[in-house]
Amino acid sequence: MDTNGNKYTFIYASAMVILVAAILSITALKLKPAQQKNIDIEKKQNILSSVGIASTFADAEAIYAERIVNSYIVNFSGEQIEGNAFSIDLKSERAKPEADRKLPVYECKTDEGVKFILPMYGAGLWGPIWGYVSVNDDMNTLYGANFAHAGETPGLGAEIATKAFQEPFKGKKIFDGSGNLVSIIVAKSSETAPAEHKVDGISGGTITSKGLQAMLLNDFTSYKAFFTKKKQ
């Protein structure tokens, strides 16, 4: 075959493309388990962080195994159903009607007793926001919170991922004195709201702040029947 001809060039280029694609596919398949493990470890770190337990990438799995004493799924009626809580895809679940959602619950052993950790998922300004909120056994008082985002503005909406924003959630109430679900109001400094339900919003990050407020209200509403059953 004429190595200087167009036919040879075309065959050679096609063969190289196929070879490189095959190598990349094989590499991706080999790396997938390791990548998934990294994702799982980061998720465990975030779950632990919602109750103030710090962990490194190296020790997160061991701490998680020791501290998370139970995990399960409940439905909108607060009834426990079969399934693996850790494997639930929150984005997919939030796209379903409320009555069909699977709601994960993690029970964590802390120095102050068992806390209930609930995952949250919503929308910020530029993309999804999510996190984990821990609740005391009164099913009303927040013990801690950890939030993250996909692409909120640095210095503004991205501040939801900082300790300075998350720390004030501790001690806030989900229900008012009459048993009504109020959730948490992420408010501007000039906005009036009951102190037990209010945390300060992010200056210049109003849309992200209100997106997080809506996320908490929506997801706490989904867990309302669960809260009621645990109180009984």
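Among the listed residues Ala193, Ala187, Ala225, which satisfies the condition of being over 27 Å from Ile53 (Cβ atoms), more than 20 Å from the chain's Cα centre (by Cα) and crowded, with 17+ Cβ neighbours inside 10 Å? First the steps, then the outcome.
Details: Ala193 fails: crowded, with 17+ Cβ neighbours inside 10 Å; Ala225 fails: crowded, with 17+ Cβ neighbours inside 10 Å.
Just one listed residue meets the conditions, Ala187.
Test Lys91 against the stated conditions and say whether it is over 25 Å from Lys172 (Cα atoms), assigned to a helix (DSSP H, G or I) and under 18 Å from the mean Cα position of the chain (by Cα).
Details: over 25 Å from Lys172 (Cα atoms): yes; assigned to a helix (DSSP H, G or I): yes; under 18 Å from the mean Cα position of the chain (by Cα): yes.
So Lys91 passes the test.
Being within 19 Å of Val51 (Cβ to Cβ) and in a helix (DSSP H, G or I) is the filter here, so list the residues in segment 66-88 that pass it.
If the condition is that a residue be within 19 Å of Val51 (Cβ to Cβ) and in a helix (DSSP H, G or I), then Glu66, Arg67, Ala85, Phe86 are the ones that fit.
Of all residues in segment 194-222, how many are touching a residue at least 24 places away in the same chain (Cβ under 8 Å), touching a helix residue (DSSP H, G or I) at 6+ places or on another chain (Cβ under 7 Å) and in a loop (DSSP other than H, G, I, E, B)?
Selection size over segment 194-222: 2.
Residue by residue, here is whether (1) of a type outside the set (A, V, I, L, M, F, W, C); (2) outside any helix (DSSP H, G or I); (3) modelled with pLDDT under 90; (4) within 17 Å of the chain's Cα centre (by Cα) holds:
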site: Tyr12; (1), (2), (3), (4): yes, no, yes, no
site: Val17; (1), (2), (3), (4): no, no, yes, no
site: Ala22; (1), (2), (3), (4): no, no, yes, no
site: Thr27; (1), (2), (3), (4): yes, no, yes, no
site: Gln36; (1), (2), (3), (4): yes, no, yes, yes
site: Gln45; (1), (2), (3), (4): yes, no, no, yes
site: Gly52; (1), (2), (3), (4): yes, yes, no, yes
site: Ala62; (1), (2), (3), (4): no, no, no, no
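Looking at (1) of a type in the set (Gly, Ala, Ser); (2) in contact with a Ser or Thr (Cβ under 6 Å, 6 or more places away or on another chain); (3) in contact (Cβ under 8 Å) with a residue 24 or more places away in the chain; (4) over 24 Å from Ala225 (Cα atoms), which is the one condition that is false for Gly144?
Condition (4) is where Gly144 drops out.
Is there a residue in segment 68-78 that is surrounded by 11 or more Cβ atoms within 10 Å (Cβ to Cβ) and on the phi > 0 side of the Ramachandran plot?
yes
For segment 145-174, give me the residue count where each residue is within 14 Å of the chain's Cα centre (by Cα), farther than 14 Å from Val133 by Cα and crowded, with 22+ Cβ neighbours inside 10 Å. I'd like the intermediate steps shown before the answer.
Step one: of segment 145-174, the residues within 14 Å of the chain's Cα centre (by Cα) are 145-150, 160-161, 166.
Imposing the further condition that a residue be farther than 14 Å from Val133 by Cα reduces the set to 149-150.
Now narrow it down to the ones that are crowded, with 22+ Cβ neighbours inside 10 Å: 149.
Number of matching residues: 1.
Of all residues in segment 199-222, how many are under 18 Å from Ala161 (Cβ atoms), among the hydroxyl-bearing types (Ser, Thr, Tyr) and either in contact with a Leu (Cβ under 6 Å, 6 or more places away or on another chain) or surrounded by fewer than 17 Cβ atoms within 10 Å (Cβ to Cβ) (or both)?
Number of matching residues: 3.
Within segment 181-189, does at least one residue satisfy the condition of being within 17 Å of Tyr121 (Cβ to Cβ) and either hydroxyl-bearing (Ser, Thr, Tyr) or assigned to a strand (DSSP E or B) (or both)?
Filtering segment 181-189 for residues within 17 Å of Tyr121 (Cβ to Cβ) gives 183-184, 186.
Among the residues that remain, those that are also either hydroxyl-bearing (Ser, Thr, Tyr) or assigned to a strand (DSSP E or B) (or both) are: 183, 186.
Yes, segment 181-189 contains a residue that is within 17 Å of Tyr121 (Cβ to Cβ) and either hydroxyl-bearing (Ser, Thr, Tyr) or assigned to a strand (DSSP E or B) (or both).
The values are calculated or read from the model by the stated rules, or taken from the named source; none is laboratory data. Everything numeric in this text was worked out from a predicted model, so none of it was measured. Quick reminder, even Gly has a Cβ in these numbers, built from the backbone with ideal geometry, and neighbours come from all protein chains shown.
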